[in-house]
Amino acid sequence: MTDFRKQALLCIFLLAAILLLETYTNMDLRIQNMLYSAEHGWLISREAHQKLSFIFYKGIKNLVIATGVSALLVFLAGFRLPKLARFRRPALLLFLSIVLVPVIVAGSKQLTNVYCPAQLEMYGGRYPWVRVLEHYPDDFVQLKRGKCFPAGHATVGFALMMLYFCFQNRRQKIAALSAAIALGWITGIYQMLRGEHFLSHTLFTMVASWLVIIIIVQVTDRLLPANKS
C-alpha cells in the first residue's frame, strides 16, 4: 500500500509538472516546428500515412486488441483448465489495462478541448493555439471542440506497461515494461510526425496510463487476492 501511494503521488506530481511545462514553456512548439515546413507540410503526409497506417496505426492497434482478447480467453479458460489457473491474475490485469487505459486516458480528451497541431492556424489549420490551462479568445466562435489532449493512440502501447505486473522475474518485468514504453513512444512519435500531437500530449499519456495501471492492480488485488485467483 505504501509503495502504491508513493507511485500515485509521483504520477500526480509528474502530471502537474507536464502541464506546467506545456503552459509556461515553448517546448512543444520548438519540437513541432522541426517536424513541419510551410512548403512540404508534416514529415509524414496524409499520403504517407495511408501507406504506413497498416503498421504504425491500425497494425499496432489491432495487435494490442488481439492481445487483450487473448488475455480474456486465458482468464476465462483458467476457471476450467487447472494448467491455466496460475495465469488468471496476470491475464485479467492485462485485459483490464488494455480496456481501461484507453477508455480513461484517451477518453479524457473529450474534456480538455485542445486541438491537434495540424488543426492550428500556425500550421495551416483554422484554430488558435490555446494551451491546456488557458481559455480561448472571447471572439473565438468554436463550432467543434478540440480532442487532442492527451494523446489517444499512444494508449494502446502504454496499456501494455501492465505486463510489468504479469511477470515474477525482475529481468522479465523490466524487459516487458521497456518494450511497452517503446511501443507507446513509437505510436506517440508517429502521431507527432503527422501533426496529430505535441510532445506534452504523449508525455501526459504515458504517466497517466501508469497511474491508471497501478490503480487497476491495487483494486484487483483487493477484490481478487493472488491466493484466491
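The values are calculated or read from the model by the stated rules, or taken from the named source; none is laboratory data. In this text the structure is predicted, and so the values were computed from the model without any measurement. Neighbour counts are summed over all protein chains in view; Cβ atoms, including those assigned to glycine, are modelled from backbone coordinates with ideal geometry. All accessible areas refer to the heavy atoms of the entire protein, side chains included, with ligands and DNA or RNA removed. Shrake-Rupley method; radii C 1.70, N 1.55, O 1.52, S 1.80 Å.
The table that follows gives values for the structure above.
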{"quantity": "Test result for F79, of a type outside the set (S, T, Y) and in contact with a helix residue (DSSP H, G or I) (Cβ under 7 Å, 6 or more places away or on another chain)", "calculated": "no"}
{"quantity": "Which numbered condition H201 misses (of (1) within 24 Å of A66 (Cβ to Cβ); (2) assigned to a helix (DSSP H, G or I))", "calculated": "(1)"}
{"quantity": "Any hit, region 116-125, residues being outside any helix (DSSP H, G or I), exposed (fewer than 14 other Cβ atoms within 10 Å of the Cβ) and charged (D, E, K, R)", "calculated": "no"}
{"quantity": "Residue within region 46-62 that is farther than 23 Å from G184 by Cβ, touching a helix residue (DSSP H, G or I) at 6+ places or on another chain (Cβ under 9 Å), open to solvent by 100 Å² or more (accessible area, probe 1.4 Å) and not in a loop (DSSP other than H, G, I, E, B) present", "calculated": "no"}
{"quantity": "Residue check for E22: acidic (D, E), modelled with pLDDT under 95 and either farther than 22 Å from R131 by Cα or open to solvent by less than 60 Å² (accessible area, probe 1.4 Å) (or both)", "calculated": "no"}
{"quantity": "Pair list, Cβ under 8 Å, 6 or more apart: region 28-42 residue surrounded by 13 or more Cβ atoms within 10 Å (Cβ to Cβ), other residue modelled with pLDDT of 95 or more and among the charged types (D, E, K, R)", "calculated": "D28/E22; W42/R194"}
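The rows are residues; the columns are (1) assigned to a loop (DSSP other than H, G, I, E, B); (2) surrounded by 15 or more Cβ atoms within 10 Å (Cβ to Cβ).
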residue	(1), (2)
V130	yes, yes
P137	yes, no
F149	yes, yes
H153	yes, yes
G157	no, yes
L160	no, yes
A176	no, yes
G184	no, yes
E196	yes, yes
